[in-house]
1. Looking at 125, 83, which is the one that is within 21 Å of residue 23 (Cβ to Cβ) and in a loop (DSSP other than H, G, I, E, B)?
2. Exactly one of (1) in contact (Cβ under 8 Å) with a residue 24 or more places away in the chain; (2) part of a loop (DSSP other than H, G, I, E, B); (3) out of contact with any helix residue (DSSP H, G or I) (no Cβ under 6 Å at 6 or more places or on another chain) is unmet by residue 177. Its number?
3. How many of the residues making up segment 117-133 are farther than 13 Å from residue 191 by Cβ and touching a helix residue (DSSP H, G or I) at 6+ places or on another chain (Cβ under 7 Å)?
4. Look at residue 31 and say whether it is in contact with a strand residue (DSSP E or B) (Cβ under 7 Å, 6 or more places away or on another chain), under 22 Å from residue 147 (Cβ atoms) and either part of a loop (DSSP other than H, G, I, E, B) or in contact (Cβ under 8 Å) with a residue 12 or more places away in the chain (or both).
5. Residue 74 versus (1) touching a strand residue (DSSP E or B) at 6+ places or on another chain (Cβ under 8 Å); (2) in contact (Cβ under 8 Å) with a residue 40 or more places away in the chain; (3) under 30 Å from residue 175 (Cβ atoms): which is the lone unmet condition?
6. Return the pairs, sorted by first residue and then second, in which the second residue is in a loop (DSSP other than H, G, I, E, B), the first residue lies in segment 39-50 and is closer than 24 Å to residue 129 by Cβ, the beta carbons are less than 7 Å apart, and the residues are 6+ apart or on different chains.
7. Could you say whether any residue in segment 50-60 is part of a strand (DSSP E or B) and under 12 Å from the mean Cα position of the chain (by Cα)?
């Protein structure tokens, strides 16, 4: 009985260390009008997907922080992209609105239209904003971190746990992000 318990415990611990594998996806970039494909970023250090919308107040609070993080990490091979699962669900959630917001906030990354919410559902996203950090390897892409950007949506200067920045710094230093996940707080995703 003791041996069975140890074997079972070992299996659980080992299986818990493997990251979720990620299937390729292709979405249209509202800013450039081009297709964004995950497979085309196999040489990136990591791909950072931020699920967001134009109307979510929590998402708006993080826009400047995301621009700053992109400025800090993009030159080192990190690819940032926003994904809007609410496009077409409300009058203001349009491609033109996404393009205008990206221009207004000087966002230097793609703003992707998840019209069918296929990518949102692939990752099981329930809150906006929620981040998924994907790392490439010879065997494909895997999730290295998912969850909140930091622990204080209202005031950036009062955030004392910067989950996303810590995860990217760990990847930059060839370490596994810890924690590998956190609970995202924000607006609920409106599933179609």
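Here, each number is a calculation from the coordinates, and none is a lab measurement. No experiment lies behind these values; they were computed from the predicted model shown. Here the Cβ positions follow ideal geometry from the backbone for every residue, glycine too, while neighbour counts run over all protein chains shown.
1. Details: 83 fails: in a loop (DSSP other than H, G, I, E, B).
Only one candidate passes the filter, namely 125.
2. Tallying (1) in contact (Cβ under 8 Å) with a residue 24 or more places away in the chain; (2) part of a loop (DSSP other than H, G, I, E, B); (3) out of contact with any helix residue (DSSP H, G or I) (no Cβ under 6 Å at 6 or more places or on another chain), residue 177 fails exactly one: (3).
3. 4
4. Details: in contact with a strand residue (DSSP E or B) (Cβ under 7 Å, 6 or more places away or on another chain): yes; under 22 Å from residue 147 (Cβ atoms): no; either part of a loop (DSSP other than H, G, I, E, B) or in contact (Cβ under 8 Å) with a residue 12 or more places away in the chain (or both): yes.
When the stated conditions are applied, residue 31 does not pass them.
5. The one condition residue 74 does not meet is (2).
6. The qualifying pairs are 44/77; 45/77; 50/129.
7. Quick first cut of segment 50-60, residues part of a strand (DSSP E or B) only: 50-51.
This time we only want the ones that are under 12 Å from the mean Cα position of the chain (by Cα), so: 50-51.
Taking every residue of segment 50-60 in turn, at least one turns out to be part of a strand (DSSP E or B) and under 12 Å from the mean Cα position of the chain (by Cα).
Table: residues versus (1) in a strand (DSSP E or B); (2) within 19 Å of residue 30 (Cβ to Cβ); (3) touching a residue at least 24 places away in the same chain (Cβ under 8 Å).
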| residue | (1), (2), (3) |
| --- | --- |
| 102 | no, yes, yes |
| 107 | no, yes, yes |
| 144 | yes, no, yes |
| 152 | no, no, no |
